[in-house]
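Just so it is clear, none of the values below were taken in a lab; they were calculated from the coordinates. Keep in mind that this is a model prediction, so the values were computed, not measured. Glycine also receives a Cβ, built like all others from the backbone with ideal geometry; neighbour counts cover every protein chain displayed.
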């Protein structure tokens, strides 16, 4: 990738918006950077320190370079799943292809940014990630709409393959606007002794999000973890969740979510774990806070077992902020508003995401700033 194809060529006001959703401008802090602006890829660059360890390019370029990549496309997500997948299958503008090479351990995160700056645009992307055998990497993907754009839609297909012995931590941060329609469709396949961690953070207003990623733990001792931090406000509809299908011997799944509903938002938090092998295990946990009488929150846990010996559990709780906690903090010279804000930030614990310390601090800063701005 040429040196001209980098972030310095993108207008500063656009980069400022992207930074709010986690885009890091310092190349030294990332192993690679990808940006898709509206309907075209404007940056796809690997840090020279990692050029022998990973590949990063526009998916259309990758499909031309690697004919075998078609064997990975539309295998985990059906193009006929719904009207949104059909639209992406008919016509898409691009997306990213990421490949972490066999045995590579990537110290710094890979980052991608899918950004909309045109009003009334329907952005359609298809992403494919392959973490090869015994590799280890962290990915941060930021999806957002520029604050000056009133209406837009985002349709995103992501297919993720985690090969034998690999570890992939994938963190998605959504920063949309009050009039955005968002429809991600994702599937992941996890092989023997491999681990996939999927984190989702949505803290800003959005009109309508509907997503339900599915992980297939096919390998022996394969593991998946889904973690979500959700903040619904200003009449947003967030219908989110995840599904894990356990068929590999000794496979495991964990789902943890933290959700806050306020200002007339509607939140549906779903989770399903299917156990189809005798010694698989899974646990689903959802905790929610409802902040006013205009909001709505529903937790829908589903557990399916088809073999003797399956061990899957769930716990769910929806409630309110304790008045005792608020009163205690007010005795520490905080106003009621400051006390509530502090409790909310503590409830939105990024520790559930399982990130390394440095990355944990980055994501915590984003969550805290979003909660404080509310």
**OP:** As a check on your grasp of the helix formula, calculate [θ] at 222 nm for the chain: sum -39500 (n - 2.57) over DSSP H runs of n ≥ 4, divide by the residue count, round to the nearest 500.
**Re:** -5000 deg cm²/dmol
Subject >> Set of the stretch 154-176 residues, backbone N closer than 12 Å to the point 7 Å along the Cα-Cβ line of residue 133 >> reply: 163-166
**OP:** Could you tell me what fraction of 2.2 N^0.38 Å the Cα radius of gyration of the stretch 58-168 comes to, as a two-decimal ratio?
**Re:** 1.15
Subject >> the stretch 150-203: projected area of the alpha-carbon convex hull, averaged over directions, in nm² >> reply: 3.8 nm²
Original post:
Based on the Cβ-Cβ distance of residue 239 and residue 178, what FRET efficiency does E = 1/(1 + (r/R0)^6) give at R0 = 25 Å, to the nearest 0.05?
Top reply: 0.90
Original post:
Which residue fluctuates the most in the chain, going by a Gaussian network model with Cα springs under 10 Å, if the choices are 173, 326, 268?
Top reply: 326
**OP:** Take the alpha-carbon positions of the chain, form their convex hull, and give its projected area averaged over all directions (one quarter of the hull surface) in nm².
**Re:** 18.6 nm²
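Taking the DSSP beta bridges in the chain as the whole, what percent of them are antiparallel, to the nearest 5?
Percent antiparallel among DSSP bridges in the chain is about 10.
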Original post:
What fraction, in whole percent, of alpha-carbon pairs in the stretch 162-264 exceed 17 Å separation?
Top reply: 52 percent
Original post:
For residue 66 and residue 102, what does the FRET efficiency come to when R0 = 22 Å and r is the distance between their Cβ atoms, rounded to the nearest 0.05?
Top reply: 0.90
Original post:
In vacuo Debye scattering of the stretch 322-374, one point per C-alpha: log10 I(q)/I(0) at q = 0.17, 0.23, 0.28 Å⁻¹?
Top reply: -0.58, -0.84, -0.99
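What FRET efficiency do you get for residue 328 and residue 51 if R0 is 41 Å and r is their Cβ-Cβ distance, rounded to the nearest 0.05?
0.15
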